[in-house]
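Take a look at the structure set out below.
The values are calculated or read from the model by the stated rules, or taken from the named source; none is laboratory data. All of these numbers come straight from a predicted model, not from anything done at the bench. Glycine also receives a Cβ, built like all others from the backbone with ideal geometry; neighbour counts cover every protein chain displayed. Surface accessibility is based on the protein's heavy atoms, side chains included, excluding ligands, DNA and RNA. Shrake-Rupley method; radii C 1.70, N 1.55, O 1.52, S 1.80 Å.
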Amino acid sequence: MAVTILAIESSCDDTSVAIIRDGYVLSNLIANQDVHMLYGGVVPELASRAHQANIVPVTHQAMLKAGVIAEEIDAVAFTRGPGLLGSLLVGTSFSKGFALARNIPLIEVNHLQAHVLAHFILEKDGNKRLPSFPFLCLLVSGGHTRIIILKSQLEMEVIGNTIDDAAGEAFDKCGKVMGFPYPAGPLIDKLASEGNINAFRFAKPHVKGLDFSFSGLKTSFLYFLRDKLKEDPDFVEHNKADLCASLQQTIISILIGKVVNASLKTGIREIGIAGGVSANSGLRNEMRKEAEKRNWNLFIPEFRYTTDNAAMIGITGYFKYLRGEFSDHDVTPLARY
Ligand code: KG4
Ligand code: ZN
């Protein structure tokens, strides 16, 4: 019999609801919260209020789009963490209420695991290649930068992690210094395509093993700009594209260098990228080049499954449903999972 999952994602500033049937996406809606742009970052209190306003209408629309009624839903999967506590609380409470009212199982999902499992989302009109195991995945988002080995859909091992900022934070914080709105990653990506990657040099960190560090890059970018702005107050405006291209290239080469090391160390050549920063066109292109050179079997997610979305929560929930991994109703959200 078909298994239909209602999936809820509310870990940060996007309210997303998806309906997944047997691993296939029937709908995946996202309500973005523009309010944070004014503040240069996500304001937790505003985010949770916006989730409260959005969650019922977005769920309603997702069900309409999927052509699914409440009686057809077999389980509710929701993001338990990591994320902003107030935001997670809205999704968790709503999911509990829905599951309780329908008397169906509740399934907690780890947001980071879900980003990686986005590679397993199926679509009716697609003939998708799926990774085989072990699968080595670079997870790069606004809050996390990790290298993960997936031994099966639900067995993960973290073999590299950032010791300070995430790659997405490096994009966003450097963008903020240049006066860009939050999140700056997509704009830097766009401007970088018109710039010279060798125009400026920024120091790369030396971190042992497979771990990352991005806080030094942010500081060196800040000091570099401070000096240049003394000579030319419009330095950013005059060099926007080159600044973005050089910064982006530095971040990409840090990321890819570690993935190459991870692949050499583990012998795994089944490689993927996931998370918001995996939408970056420079990273996607460089990964393709590296894959060709090193004979990797490369998996690049579709754009709509890179940044936060509920389809990835739904596919993870589906795998947990098949294993009977359900949560009790006293489950609480976790800011750190
Ligand atoms: O995965 P995500 O939506 O949320 C978290 O779980 O953190 O990732 C958001 C991050 C932000 O830092 C944003 O600037 C970055 O992903 N991002 C990008 C691009 N699109 C989103 N960074 C670089 N290039 C992009 N095209
Ligand atoms: Zn995320």
Select from region 1-19 the residues that are in contact with an Asp or Glu (Cβ under 7 Å, 6 or more places away or on another chain) and either open to solvent by 10 Å² or more (accessible area, probe 1.4 Å) or assigned to a strand (DSSP E or B) (or both) and write down the one among them that is nearest to Val42 (Cα to Cα).
Cys12
In region 20-43, anything open to solvent by less than 70 Å² (accessible area, probe 1.4 Å) and more than 30 Å from Gly126 (Cβ to Cβ) is listed as Val35, His36, Gly40, Gly41, Val42, Val43
Determine if region 97-114 includes at least one residue that is within 14 Å of ligand 1 (Cβ to nearest atom), in contact with an Asp or Glu (Cβ under 7 Å, 6 or more places away or on another chain) and on the phi < 0 side of the Ramachandran plot.
no
Among Ile268, Ile254, Ile273, the single one that is under 30 Å from Arg129 (Cβ atoms) and part of a loop (DSSP other than H, G, I, E, B) is Ile268
What are the pairs with Cβ atoms under 6 angstrom where one residue, in region 7-27, is of a type in the set (Asp, Glu) and the other, located anywhere, is open to solvent by 10 Å² or more (accessible area, probe 1.4 Å) and part of a strand (DSSP E or B)? Sequence gap at least six, or different chains.
Asp14/Ile30; Asp14/Asn32
Counted residues in region 28-55 being in contact with a strand residue (DSSP E or B) (Cβ under 8 Å, 6 or more places away or on another chain) and in a helix (DSSP H, G or I) come to 4
Looking for something open to solvent by 20 Å² or more (accessible area, probe 1.4 Å) and within 12 Å of ligand 1 (Cβ to nearest atom) - is there at least one such residue anywhere in region 213-225?
no
Here the residues within region 280-301 that are more than 13 Å from ligand 1 (Cβ to nearest atom) and in a loop (DSSP other than H, G, I, E, B) are Asn295, Trp296
When every residue in region 120-178 that is more than 16 Å from ligand 1 (Cβ to nearest atom) and among the hydroxyl-bearing types (Ser, Thr, Tyr) is compared, the one most open to solvent (accessible area, probe 1.4 Å) is Ser132
Residue count, region 240-295 (criterion: of a type in the set (Lys, Arg) and crowded, with 17+ Cβ neighbours inside 10 Å):
3
